[in-house]
1. If you take the residues of the stretch 237-260 that are outside any helix (DSSP H, G or I), over 18 Å from the mean Cα position of the chain (by Cα) and farther than 24 Å from residue 110 by Cβ, which of them is modelled with the lowest pLDDT?
2. In the stretch 181-215, what residues are over 20 Å from residue 113 (Cβ atoms), in contact (Cβ under 8 Å) with a residue 60 or more places away in the chain and touching a helix residue (DSSP H, G or I) at 6+ places or on another chain (Cβ under 6 Å)?
3. Quick one: is residue 209 farther than 15 Å from residue 153 by Cβ and within 22 Å of the chain's Cα centre (by Cα)?
4. Looking at (1) within 28 Å of residue 256 (Cβ to Cβ); (2) assigned to a helix (DSSP H, G or I); (3) touching a helix residue (DSSP H, G or I) at 6+ places or on another chain (Cβ under 8 Å), which is the only condition residue 176 fails?
5. Would you be able to say whether some residue in the stretch 102-114 is part of a loop (DSSP other than H, G, I, E, B), surrounded by fewer than 18 Cβ atoms within 10 Å (Cβ to Cβ) and in contact with a strand residue (DSSP E or B) (Cβ under 6 Å, 6 or more places away or on another chain)?
6. Report, by residue number, each residue of the stretch 44-79 that is farther than 26 Å from residue 189 by Cβ, surrounded by 20 or more Cβ atoms within 10 Å (Cβ to Cβ) and modelled with pLDDT of 95 or more.
7. Which of the residues that make up the stretch 216-233 are more than 10 Å from residue 40 (Cβ to Cβ) and either over 19 Å from the mean Cα position of the chain (by Cα) or free of Cβ contacts under 8 Å to residues at least 24 places away in the same chain (or both)?
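The values are calculated or read from the model by the stated rules, or taken from the named source; none is laboratory data. Since the model is a prediction, treat every value here as computed from it, not as a measurement. Neighbour counts are summed over all protein chains in view; Cβ atoms, including those assigned to glycine, are modelled from backbone coordinates with ideal geometry.
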């Protein structure tokens, strides 16, 4: 059983012989990267961007295509144990082979393949090695959140509930609890990971988007991304209604106010 239905064959794209071109969305958690990916996917022009190097995604693709032994081994992974996906024997060649099998199934007829990667996954899989060594030339899009406290609160709440998108239910029966220390840890991690991307992407031709702009003017931001990766006729491509809703509510605002007051 797949944990994410969109990793199943019904979501694969028709095989194409078009020359492949790759774009990568560089992100940290709770920056709107999933909404950006889904919006680009829904255009039907630039592949099916997802977080294909997230351990949960690796788990699903191993269950689906990894051969009998690997499929059975990964099928048992769930919850915190998902972090074990891709740990044993996953060197550079294995990562490249994983991405290649995904690309064969998730590249659009136009030749575009897209994916997103969080800084901590980039650090795990590539370290100081360039992603281009595994994928070839990349067009880069970076998405950040201007309000990092809101990002940290959203991240901590998602970690406590297991609810990472509006269409998901909570994984836990207990309500989330405010913790100043936990939110502080998230803020420090965000600072570290954004600094990581600053270093990795120094000198690259990068389109910079923000969570705030994506939510305020999503169609405009999506077309900016399409222009940046040089999709012909980007201005005429339709941008569908958002299929992922914003999750922040009064609880997020309460946690932010408490943190700002030093509580």
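1. The selected residue is 248.
2. 183, 190, 193, 196, 197, 214
3. Criteria met by residue 209.
4. If we test residue 176 against (1) within 28 Å of residue 256 (Cβ to Cβ); (2) assigned to a helix (DSSP H, G or I); (3) touching a helix residue (DSSP H, G or I) at 6+ places or on another chain (Cβ under 8 Å), just (2) comes out false.
5. Among the residues of the stretch 102-114, at least one is part of a loop (DSSP other than H, G, I, E, B), surrounded by fewer than 18 Cβ atoms within 10 Å (Cβ to Cβ) and in contact with a strand residue (DSSP E or B) (Cβ under 6 Å, 6 or more places away or on another chain), which makes the answer yes.
6. Result: 46, 47, 48, 61, 62, 63.
7. Correct list: 216, 217, 219, 220, 223, 224, 227, 230, 232, 233.
Every residue, every condition in (1) under 20 Å from residue 146 (Cβ atoms); (2) part of a helix (DSSP H, G or I); (3) touching a strand residue (DSSP E or B) at 6+ places or on another chain (Cβ under 9 Å); (4) at pLDDT 95 or above, yes or no:
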{"position": "192", "(1), (2), (3), (4)": "yes, yes, no, yes"}
{"position": "195", "(1), (2), (3), (4)": "yes, yes, no, yes"}
{"position": "199", "(1), (2), (3), (4)": "no, yes, no, yes"}
{"position": "204", "(1), (2), (3), (4)": "no, no, yes, yes"}
{"position": "225", "(1), (2), (3), (4)": "yes, yes, yes, yes"}
{"position": "232", "(1), (2), (3), (4)": "no, no, no, no"}
{"position": "235", "(1), (2), (3), (4)": "no, yes, no, no"}
